[in-house]
Amino acid sequence: MNNKFYITTPIYYPSDKLHIGHTYCTVATDAMARYKRLRGYDVMFLTGTDEHGQKIENKAAEAGVTPQQFVDNIVEGEKGVKDLWKLMNVSYDRFIRTTDDYHVAAIQRIFKKMYENGDIYKSTYKGKYCTPCESFWTESQLTDGCCPDCGRPVVDAEEEAYFFRLSKYADRIRDLLENTDFLLPRSRVNEMVHNFIEPGLEDLCVSRTSFKWGVPVDFDDKHVVYVWIDALFNYTTALGFLNDRYDDSDYAKYWPADVHFVGKEIVRFHSIIWPAMLMSMNMPLPKHVFGHGWLLLDGGKMSKSKGNVVDPYLLAERYSADALRYFLLRDFPFGSDGNFSNELLINRINTDLANDIGNLLSRTTAMAEKYFGGTLPAEQTEGTEDAELISMVSKLRGQYEAQMEKYAFQSALADVFAVIARANKYIDETAPWVLAKKPETMPRLARVLYNLAETVRICSILLSPVMPETCVKIFEKIGADENARTWESAETFGVLPVNAVLVKGENLFPRIDAAKEIAELEAISQAKKAADQPKEEKPTLPVREITDHEPEISFDDFCKVELRVAKITACENIKESKKLLKLTVFDGERERCIMSGIAKWYKPDMLVGKNVGIVCNLAPRAMMGGKYVSEGMIFAADTEKGAASIAFFPDDTVGSRIH
Ligand code: MSP
């Protein structure tokens, strides 16, 4: 069969739960796959997860689990990657995990082939490495000394490593980029040529020894294969290339891919490194790589570490997967960046789904029920208002197709909704409620409703790749049988059987109270942010065994000890003892002498002028054979190492009691 279509998403890192940005790319890929299936293509739609690398190894260590347990949980666990795609109605044909045995074995074979053909060789790597992105950079590629992709600091890295002869392919890659439509949209070509090809392509370091969580190089198992080689070849191993998990006739049938959808930040890998490696392996190149834009939040990239990711689960559960899918593809031009906001989402649902298509459908079916019991009579009369609507609807499939073939989802959907708006206007022009008043205009009324149902049918066929569940409901409401749901039938106005049964039923998309909803979403997001904040950890104090507790005393007894703040006015060492200092302190009333065993830790000039706590009413004690009389003690605690540490008080406390 010649009309096969092979489309892929990037394989996502299961280092965190996926967010709306990942969902955006997957939904676009799904819509394209469904569109091609609708058109009769034999589609292979591949997605999956990129599970190796240092970042995952680190994350697993932080979580106290093995890397395999960590990724299993994010991919297969509750509300994990697979659950999300199920919720979003993603119709992938195959899901690859790079930890799957067949993939690992195939990567080892691929690496060896390139080694054997001389395109991979051993040398020493010296350079800058961005750990979160798993990317090596040359000095000249850094932005302000940081990783040009994510802006985070890079580290110096030096290790024995294998290299891929990327430089050898520079001319062929340049030709591919500049002289073919391999990389789309065209605007991405300049960026690649200017930033990467013109400065000179250097050979690429393709193995690591600094961590273990990867595919081991089987002929030198100190090394693991660079995660991007492991990742990029997923597009072929998932078809059975060099492995026995899948029949390699899938590879023969589907490779080369028709298009890889990827975010703009990984265009470099897909449009330079990927084709060069395929050239080295003598494999055909994918027909297109499409670099889509980012969904931004407040103008910046969403990231888990910034705490500003939008949760697709929440939105799909609240508004339905179809509403979210439609919004993502209708609001943002696929090739450029767009700013996500809850306001945009809710407005889009209210205007296009609740109002435009929702109203068109409910008015059409309600009037068919009200005036004809749900089945239109065969006797129908044409009118002057019909021609323009019918002509517009008849051209729609062609326009839509032209846009979809350019991956311009936004324009394709805009075309469909222009027809829906026209049909709503047609209701106002023909005023069915007036036609319903006289028996002689009933045939005209029947025709008007038929034309409306037919418009809804054709629009629904074209919307079905984007809103699959909703469109099935619409087909049911207008009584469109299987023949009236096909791509072919969307070209012809008048396919809906005249005796189709129309039923109103429930509204497809109830109107949302925007202000209330936005406030609620904001509250949920704030609560989540607060819950995600790392809890402030209480410092845990070392517990020690205390063996010199005193018996309990009464409060009155405690009050008998007169504790006061006193200022040290003079201090000196004495020749009779190395341990003792002779302190003169002023207790607010008079000066007194205190002999203290702190000479080892304090020099006299460290103490003069300082205010210390003293016990005032301790009986005076003669020391050094009566040469000195100590009239009190000063507060000092033993440190862990057994030194003395004196507590000091502020000036305005001198003479005060200490309680
Ligand atoms: N594992 C690599 C891809 C290997 S493909 C052989 C990777 N993974 S990722 O988890 O970081 O996913 C990146 C992809 O997710 C982007 O290329 C893009 O398709 C999508 N997006 C992630 N954040 C996004 C936005 N904020 N906006 C739009 N798409 C985003 O890179």
Exercise. Is at least one residue of the range 151-174 under 30 Å from Gln403 (Cβ atoms), part of a helix (DSSP H, G or I) and touching a residue at least 40 places away in the same chain (Cβ under 8 Å)?
Worked result: yes
For this session: Answer yes or no: is there a residue in the range 374-386 that is within 30 Å of Gly151 (Cα to Cα), modelled with pLDDT of 95 or more and out of contact with any strand residue (DSSP E or B) (no Cβ under 7 Å at 6 or more places or on another chain).
Result: no
Seminar exercise, completed: Within the range 617-632, the residues that are touching a strand residue (DSSP E or B) at 6+ places or on another chain (Cβ under 9 Å) and more than 26 Å from Lys560 (Cα to Cα) are Met624, Lys627
Exercise. When you scan the range 1-27, how many residues do you find that are touching a helix residue (DSSP H, G or I) at 6+ places or on another chain (Cβ under 9 Å), under 15 Å from Tyr92 (Cβ atoms) and near the ligand (Cβ under 9 Å from one of its atoms)?
Worked result: 9
For this session: Would you be able to say whether some residue in the range 423-446 is crowded, with 16+ Cβ neighbours inside 10 Å and either more than 17 Å from Thr381 (Cα to Cα) or touching a strand residue (DSSP E or B) at 6+ places or on another chain (Cβ under 9 Å) (or both)?
Result: yes
For this session: Scan the range 639-652 for residues that are under 53 Å from the mean Cα position of the chain (by Cα), at pLDDT below 90 and under 15 Å from Ser596 (Cα atoms) and jot them down.
Result: none
Exercise. Is it the case that Lys86 is open to solvent by 30 Å² or more (accessible area, probe 1.4 Å), among the basic types (Lys, Arg) and within 14 Å of the ligand (Cβ to nearest atom)?
Worked result: no
Seminar exercise, completed: Of the candidates Gly613, Gly625, Gly655, the one satisfying the condition of being at pLDDT 90 or above and over 60 Å from the mean Cα position of the chain (by Cα) is Gly655
Exercise. Does Pro510 fit the bill of being more than 30 Å from Asn308 (Cα to Cα) and exposed (fewer than 15 other Cβ atoms within 10 Å of the Cβ)?
Worked result: no
Problem set entry | Breaking point among (1) within 16 Å of the ligand (Cβ to nearest atom); (2) aromatic (Phe, Trp, Tyr); (3) in contact (Cβ under 8 Å) with a residue 60 or more places away in the chain, for Phe45 | (3)
For this session: Those residues that are of a type outside the set (Lys, Arg), open to solvent by 90 Å² or more (accessible area, probe 1.4 Å) and over 14 Å from Gly632 (Cα atoms), I need them from the range 574-600; list them, please.
Result: Glu589
For this session: Just one of (1) assigned to a helix (DSSP H, G or I); (2) touching a residue at least 60 places away in the same chain (Cβ under 8 Å); (3) open to solvent by 20 Å² or more (accessible area, probe 1.4 Å); (4) not charged (D, E, K, R) trips up Met32, so point out which.
Result: (3)
Exercise. Going through the range 239-271 one residue at a time, which ones are more than 13 Å from the ligand (Cβ to nearest atom), in a helix (DSSP H, G or I) and in contact with a strand residue (DSSP E or B) (Cβ under 9 Å, 6 or more places away or on another chain)?
Worked result: Asp250, Lys253, Tyr254
Seminar exercise, completed: Going through the range 197-218 in order, the residues found to be of a type in the set (Phe, Trp, Tyr) and more than 26 Å from the chain's Cα centre (by Cα) are none
For this session: Considering every residue within the range 485-494, establish whether at least one is under 20 Å from Phe372 (Cβ atoms) and either outside the structural domain of Val434 (by TED's automatic domain parsing) or outside any helix (DSSP H, G or I) (or both).
Result: yes
Problem set entry | Residue match in the range 251-269 (condition: without any contact (Cβ under 8 Å) to a residue 60 or more places away in the chain, farther than 17 Å from Ala105 by Cβ, under 25 Å from the mean Cα position of the chain (by Cα) and not assigned by TED's automatic domain parsing to the domain that holds Glu405) | yes
For this session: Could you tell me which numbered condition Phe372 fails, if it satisfies all but one of (1) surrounded by 15 or more Cβ atoms within 10 Å (Cβ to Cβ); (2) within 16 Å of the ligand (Cβ to nearest atom)?
Result: (2)
For this session: Check every one of the helices (runs of 4 or more DSSP H) wholly within the range 514-631 and list those with 2 or more residues that are under 30 Å from Lys17 (Cβ atoms) and out of contact with any helix residue (DSSP H, G or I) (no Cβ under 9 Å at 6 or more places or on another chain).
Result: 514-532
Exercise. Does Ile7 meet the test of being under 19 Å from the mean Cα position of the chain (by Cα) and buried (at least 19 other Cβ atoms within 10 Å of the Cβ)?
Worked result: no
For this session: Specify which of the listed residues (Leu232, Leu204) is of a type outside the set (Asp, Glu) and either more than 14 Å from the ligand (Cβ to nearest atom) or open to solvent by 10 Å² or more (accessible area, probe 1.4 Å) (or both).
Result: Leu204
For this session: Identify all residues within the range 135-192 that are open to solvent by 30 Å² or more (accessible area, probe 1.4 Å), among the hydroxyl-bearing types (Ser, Thr, Tyr) and either touching a His at 6+ places or on another chain (Cβ under 8 Å) or over 25 Å from Gly300 (Cα atoms) (or both); write none if there are none.
Result: Thr138, Ser167, Thr180
For this session: Could you list, in sequence order, all residues of the range 645-659 that are hydrophobic (A, V, I, L, M, F, W, C) and open to solvent by 50 Å² or more (accessible area, probe 1.4 Å)?
Result: Phe648, Phe649
For this session: Give Glu562, Glu517 a once-over and let me know the one that is modelled with pLDDT of 90 or more, within 60 Å of the chain's Cα centre (by Cα) and either among the charged types (D, E, K, R) or farther than 30 Å from Leu376 by Cα (or both).
Result: Glu517
Problem set entry | Within the range 289-304, tally of residues that are open to solvent by 40 Å² or more (accessible area, probe 1.4 Å) and either in a loop (DSSP other than H, G, I, E, B) or away from the ligand (no atom under 13 Å from the Cβ) (or both) | 3
Problem set entry | Hey, Leu389 farther than 23 Å from Leu508 by Cα and not in a helix (DSSP H, G or I) or not | no
Seminar exercise, completed: Of the residues in the range 309-337 that are at pLDDT below 95 and near the ligand (Cβ under 10 Å from one of its atoms), the one that is most open to solvent (accessible area, probe 1.4 Å) is Val309
Exercise. Only one of (1) away from the ligand (no atom under 16 Å from the Cβ); (2) open to solvent by 30 Å² or more (accessible area, probe 1.4 Å); (3) part of a loop (DSSP other than H, G, I, E, B) fails for Gly383. Which number is that?
Worked result: (2)
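The values are calculated or read from the model by the stated rules, or taken from the named source; none is laboratory data. Note that the structure is predicted; figures quoted are calculated from it, not measured. All Cβ positions, glycine included, derive from the backbone under ideal geometry; neighbour counts span all protein chains shown. Accessible surface is based on the protein model in full, side chains and every heavy atom, while ligands, DNA and RNA are left aside. Shrake-Rupley method; radii C 1.70, N 1.55, O 1.52, S 1.80 Å.
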